[in-house]
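**Q** Here's a structure for you.
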Amino acid sequence: MPTKLGQNFLRDETVLNNIVKAANLSANDFVLEIGPGEGVLTEKLARQAGKVVAVEIDKDLAEKLQNKFKNIKNQNIINADILKINLPKVLEQNNFVNLDYKIVANIPYYITSPIIRLFLETVYLPKEMLLMVQKEVAERICAKVGNLSILAVSVQYYANAELLFFVPKKAFFPVPEVDSAVIKIVLKAKREEKEFTEKFFRVVRAGFSAKRKTLVNNLSSSLRLDKAFVKEILKQIGIYSNQRAQELSIEDWKKLTLKLKMENCLVEK
Ligand code: SAM
């Protein structure tokens with residue numbers, strides 16, 4: 001049975017130290033932690049970072065941490081749901097706004113995608129995210145061209161993602177049903193315009209719409225375009241018509257979006 005709120009606590013000192021090492025913190029770093037739980041990671045992070053703000057949904061856990069850390073100046077434990085909190089306001093109040101803050105967290109797995117998405121799209125972007133996630137999800141997010149899923153494209157459009165190390169389930173208590181991995185997501189400095197991004201994801205969703213179909217079939221049925229026309233467009237940007245969506249790189253998806261935009265195929269219907 002999965003635990004309520006993904007409450008599997010990390011009990012392995014070596015894993016904890018490896019996460020902190022990978023975070024590569026200095027006194028200039030501000031860190032946001034999601035789901036501090038019993039505070040094992042929080043404590044280590046606060047020893048190395050300039051400031052740690054941790055957001056915990058569980059009222060009892062948050063109160064215990066607030067008591068435990070009440071004399072530690074560079075820590076702030078907030079009792080809230082990370083997906084419902086007014087994130088820009090929290091970041092402003094804690095002076096995270098004008099610096100490249102980092103996220104370091106052993107996150108609750110039931111909300112992995114919404115958490116990552118939130119921090120890839122929020123107003124004040126982090127510099128990087130070091131996250132413990134379910135092993136299979138880590139592999140999907142960090143996959144290379146040839147195995148890209150819609151999740152991988154969604155992350156790799158905004159960031160470079162790297163799988164750092166695996167963590168066995170026995171490192172946690174209670175022991176969860178799945179193994180884990182720590183991934184590093186470093187946000188790209190250059191962001192595309194909002195309008196382009198919306199079109200990009202429209203094309204990506206269309207390309208991935210049916211798993212077994214070819215890219216040509218998916219694009220033509222989802223975007224309501226003639227198959228021969230789609231084939232010709234793909235050929236012009238150097239993509240073979242028998243390729244599948246998972247074989248396209250982020251650059252390929254961008255080229256395809258630009259081309260379809262130029263051909264007026266992405267006007268809202
Ligand atoms: N960081 C601790 C550790 O490494 O032992 C706990 C990690 S545990 C996998 C995930 C934590 O996230 C739990 O403490 C849980 O209560 C908290 N949590 C679950 N959903 C949350 C949410 N929506 N917002 C903030 N915290 C949440």
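**Q** Scan 234, 223 and give me the residue that is closer than 19 Å to residue 146 by Cβ, among the hydrophobic types (A, V, I, L, M, F, W, C) and buried (at least 17 other Cβ atoms within 10 Å of the Cβ).
**A** Working: 223 fails: closer than 19 Å to residue 146 by Cβ.
234 is the lone residue from the list that is closer than 19 Å to residue 146 by Cβ, among the hydrophobic types (A, V, I, L, M, F, W, C) and buried (at least 17 other Cβ atoms within 10 Å of the Cβ).
**Q** State the number of residues belonging to the range 220-269 that are in a loop (DSSP other than H, G, I, E, B) and either over 20 Å from residue 192 (Cβ atoms) or modelled with pLDDT of 95 or more (or both).
**A** Residues of the range 220-269 in a loop (DSSP other than H, G, I, E, B): 223-226, 237-244, 248-249, 263-269.
So of that shortlist, the ones also either over 20 Å from residue 192 (Cβ atoms) or modelled with pLDDT of 95 or more (or both) come out as 223-226, 237-244, 248-249, 269.
Here the count works out to 15.
**Q** If a residue must be within 11 Å of the ligand (Cβ to nearest atom), in the same structural domain as residue 172 (by TED's automatic domain parsing) and without any contact (Cβ under 8 Å) to a residue 40 or more places away in the chain, how many such residues does the range 1-24 contain?
**A** Qualifying residue count, the range 1-24: 1.
**Q** Would you mind finding the one in 130, 148, 125 that is modelled with pLDDT of 95 or more, buried (at least 20 other Cβ atoms within 10 Å of the Cβ) and over 10 Å from the mean Cα position of the chain (by Cα)? Full working, then the answer.
**A** On the way: 130 fails: over 10 Å from the mean Cα position of the chain (by Cα); 125 fails: buried (at least 20 other Cβ atoms within 10 Å of the Cβ).
It is 148.
**Q** Looking for something away from the ligand (no atom under 14 Å from the Cβ), of a type in the set (S, T, N, Q), at pLDDT 95 or above and out of contact with any strand residue (DSSP E or B) (no Cβ under 9 Å at 6 or more places or on another chain) - is there at least one such residue anywhere in the range 70-78?
**A** No: the range 70-78 contains no residue that is away from the ligand (no atom under 14 Å from the Cβ), of a type in the set (S, T, N, Q), at pLDDT 95 or above and out of contact with any strand residue (DSSP E or B) (no Cβ under 9 Å at 6 or more places or on another chain).
**Q** Working only within the range 80-99, note down all residues that are buried (at least 19 other Cβ atoms within 10 Å of the Cβ) and more than 14 Å from the ligand (Cβ to nearest atom).
**A** Hits for the range 80-99 are 91, 96.
**Q** Considering only the range 179-187, I want to know if a residue exists there that is assigned by TED's automatic domain parsing to the domain that holds residue 145 and acidic (Asp, Glu).
**A** yes
**Q** When residue 96 is evaluated against the numbered criteria (1) within 28 Å of residue 205 (Cα to Cα); (2) modelled with pLDDT under 95, which criterion, by number, is the only one it fails?
**A** Going through (1) within 28 Å of residue 205 (Cα to Cα); (2) modelled with pLDDT under 95 one by one, residue 96 breaks only (1).
**Q** Same structure again: Return the total of residues in the range 41-54 being within 14 Å of the ligand (Cβ to nearest atom) and within 20 Å of residue 184 (Cα to Cα). So that I can check it myself, show each step before the final result.
**A** Initial filter on the range 41-54 (within 14 Å of the ligand (Cβ to nearest atom)): 41-46, 52-54.
So of that shortlist, the ones also within 20 Å of residue 184 (Cα to Cα) come out as 41-42, 44-46, 52-54.
The qualifying residues number 8.
**Q** Something else about it: Restricting the range 39-61 to residues that are touching a strand residue (DSSP E or B) at 6+ places or on another chain (Cβ under 8 Å) and assigned to a helix (DSSP H, G or I), which is surrounded by the fewest Cβ atoms within 10 Å (Cβ to Cβ)?
**A** 59
**Q** On the given criteria, is residue 27 away from the ligand (no atom under 14 Å from the Cβ), hydrophobic (A, V, I, L, M, F, W, C) and over 18 Å from residue 110 (Cβ atoms)?
**A** Values: away from the ligand (no atom under 14 Å from the Cβ): yes; hydrophobic (A, V, I, L, M, F, W, C): yes; over 18 Å from residue 110 (Cβ atoms): yes.
In short, yes.
**Q** Among residues belonging to the range 192-212 that are in contact with a helix residue (DSSP H, G or I) (Cβ under 8 Å, 6 or more places away or on another chain) and part of a loop (DSSP other than H, G, I, E, B), point out the one that is modelled with the lowest pLDDT.
**A** Among residues in the range 192-212 that are in contact with a helix residue (DSSP H, G or I) (Cβ under 8 Å, 6 or more places away or on another chain) and part of a loop (DSSP other than H, G, I, E, B), the one modelled with the lowest pLDDT is 210.
**Q** Filter the range 62-79 for residues that are touching a helix residue (DSSP H, G or I) at 6+ places or on another chain (Cβ under 9 Å), surrounded by 16 or more Cβ atoms within 10 Å (Cβ to Cβ) and not in a strand (DSSP E or B) and give the result.
**A** Passing the criteria: 65, 69, 74.
**Q** So, one more: If a residue has to be hydroxyl-bearing (Ser, Thr, Tyr), touching a strand residue (DSSP E or B) at 6+ places or on another chain (Cβ under 9 Å) and away from the ligand (no atom under 16 Å from the Cβ) to count, how many in the range 100-131 make the cut? It would help to see each step written out before you state the result.
**A** First pass over the range 100-131, keeping only residues hydroxyl-bearing (Ser, Thr, Tyr): 101, 109-110, 112-113, 122, 124.
Right, trim to touching a strand residue (DSSP E or B) at 6+ places or on another chain (Cβ under 9 Å) and you get 101, 109, 112.
Among the residues that remain, those that are also away from the ligand (no atom under 16 Å from the Cβ) are: 101.
The number of residues fulfilling the criteria is 1.
The values are calculated or read from the model by the stated rules, or taken from the named source; none is laboratory data. Here the structure is a predicted model, which is why all the values come from computation and not from measurement. Reconstructed Cβ throughout: ideal geometry from the backbone, glycine too, with neighbour counts over all protein chains shown.
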